[in-house]
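This report refers to the structure that appears directly beneath it.
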Amino acid sequence: MLIARALTQAAPILLMDEPTAHLDLKHQANILDLVRGLAHQENFSVLIVLHDLNLAAQYADQVALLSNAQIRAVGTPEEVLTPHHLSEVYGLVINVVAHPINGTPLVLA
């Protein structure tokens, strides 16, 4: 497993590009729960590229919103994943509500 190999190198930062792509919901949650738990337990940082904004909202402590290779907003999911920021970046009306269970932003297009 690539995650195990990366962790054995004991780097202070783990970089992951779309680690949940092509996975079903159960495996997406398993991967992100594992990585987040290990990062907190072993005290290292994780930088993950995700296109799924709802996964980012649920798992990220900090989010950077990119558009055309430029950073448009950085902060907590609540600060960044707003209708204003997302509508500006994606060019369509986007609604954001609080997730009914955990309160994180839930992005609706």
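Quick note: the coordinates plus some simple rules give every number you see, no bench work behind them. If you're wondering where the values come from, they're calculated on a predicted model, not measured in any experiment. When we count neighbours, we look across all protein chains shown, and the Cβ atoms used for this are built from the backbone with ideal geometry, even at glycine.
Peptide packing: for 32-42, 54-64, the average count of neighbouring Cβ atoms within 10 Å per residue gives the ranking 54-64, 32-42, highest mean first.
Please give the peptides 90-97, 43-50 ranked by average Cβ packing (other Cβ atoms within 10 Å per residue), highest first, as a rough proxy for protection.
Final packing ranking: 43-50, 90-97.
Per residue, the average separation of C-alpha pairs within less than 8 Å and at least 6 apart gives the chain a relative contact order of 18 percent.
For the chain, the longest principal axis of the alpha carbon atoms and the long axis of helix 25-42 meet at an angle near 60°.
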